[in-house]
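Report on one structure; see the data block that follows.
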Amino acid sequence: MPPTGQSVADGLVIPTWDALPAPLYFRAHAIPAGVTVPLHRHPWAQLLYACRGLMQVDTESARYLLSPEQALWIPPGTAHGVSVEHEVWCRSLYLDATLPLPFGQRCEALTVTPLLRELIAAGSALAAEDSDPAEVDRLVAVLLDRLPRLQAARLVLPLPSDPRLRRLADALLAEPGDERRMEDWARQVGASERTLARRFRAETGLGFRAWRQQLRLLAALPRLQAGEAVTRVAADSGYASTSAFIEAFQRQFGCTPGRVGMA
């Protein structure tokens with residue numbers, strides 16, 4: 001049974017527990033369409049996974065877009081928020097901070113394998129049945145053994161911390177199709193283009209143009225999933241032609257934008 005201490009906002013039950021009822025705890029729940037969960041933190045680690053739907057997860061240093069092919073490892077005390085356009089079905093594994101944690105104090109976006117998907121589903125089913133804790137522990141031991149072996153997911157947008165760069169990043173997050181170049185931003189924030197470019201790569205691991213393309217492709221995914229026309233999404237994303245958008249999208253994700261809309 002779930003522990004006491006919950007609040008309800010926009011149809012979503014939000015835990016407000018002081019501690020987990022057990023060192024390992026599975027939670028399955030839905031996030032209604034259009035809900036945004038603001039930045040929050042808790043003292044345990046979380047493996048966040050959506051078995052159906054697409055969700056955006058923001059931390060103070062990155063933005064993640066999770067489909068049923070990705071999961072996110074969130075360390076204890078890490079501020080994170082979630083937003084969805086359409087209803088999402090979540091399955092989370094919570095782990096007490098006293099347990100050995102596979103990724104330390106860094107978030108990690110992971111590509112979900114068929115085995116991991118079944119382990120998470122089995123754990124959620126056992127938790128719902130109020131099963132023997134020892135049985136749950138054995139299953140989780142296998143799950144934790146597999147996590148460090150998973151490949152990193154690609155749907156990640158690192159965010160800079162430098163205040164000047166964060167102003168730039170926040171403006172582009174709000175308007176991905178913004179065409180301003182680094183030299184334009186340099187004039188606006190009062191720094192040299194070379195300084196901004198160097199700091200941007202140091203803090204995100206990407207050059208400005210590569211980072212902006214990643215942002216545009218990530219921002220396009222929810223709109224494509226909702227069935228918007230590829231031509232419109234491409235134009236709003238700042239691409240000079242639909243063919244250029246399709247080529248960039250296919251190179252990044254291995255499928256055409258049209259296939260996303262059919263999913």
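Starting from 0.36 nm per residue, how many nanometres of slack lie between LEU39 and ALA122 once their C-alpha separation is accounted for?
Working: separation 83, 0.36 × 83 = 29.88 nm, distance 2.89 nm.
Between LEU39 and ALA122, full extension yields an extra 27.0 nm.
Please rank CYS90, CYS51, CYS255, fewest neighbouring Cβ atoms within 10 Å first, as an exposure proxy. Walk me through the numbers before you get to the answer.
Details: CYS90 21, CYS51 16, CYS255 12.
Result, fewest neighbours first: CYS255, CYS51, CYS90.
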* Asked: Let a ≥ b ≥ c be the square roots of the eigenvalues of the Cα gyration tensor of segment 118-263; is it rounded (a/c under 1.5), or, if not, prolate (a/b larger than b/c) or oblate?
  -> oblate
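Output the relative contact order of the chain, whole-number percent, from Cα pairs under 8 angstrom with separation of 6+ residues. Mind showing how you got there, number by number?
Values: 431 pairs, mean separation 39.4, N = 263.
So the answer I get is 15 percent.
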* Go ahead and run the numbers for FRET between GLN151 and ALA79, Cβ-Cβ distance against an R0 of 25 Å, rounding to 0.05. => 0.45
* To do: Step through the residues of segment 110-121 one at a time and calculate ³J(HN,Hα) from phi using the Karplus curve (6.51 cos²θ - 1.76 cosθ + 1.60, θ = phi - 60°), rounding each to whole Hz and writing x for Gly and Pro.
  => 10, 7, 7, 8, x, 5, 4, 4, 6, 5, 5, 5
* Using 7 Å Cα-to-Cβ label points, what is the CYS255/TRP89 separation (nm, one decimal)? -> 1.8 nm
* Note down the nm distance, to one decimal, between modelled labels 7 Å out along Cα→Cβ at TRP17 and at CYS51. => 1.8 nm
* Go ahead and set up a Gaussian network model of the chain, Cα springs under 10 Å, then flag whichever of ALA30, ALA62, ALA22 fluctuates most. => ALA22
* To do: Taking GluC sites (Glu not before Pro) as candidate sites, keep only those in a DSSP loop with at most 10 other Cβ atoms within 10 Å, then name the longest stretch of the chain containing none of them.
  => 1-128
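None of the figures in this text is laboratory data; all of them are computed from the coordinates on show. Given the structure is predicted, the values throughout are model-derived calculations rather than measurements. Here Cβ is always computed from backbone atoms with ideal geometry, including for glycine, and neighbour counts include all displayed protein chains.
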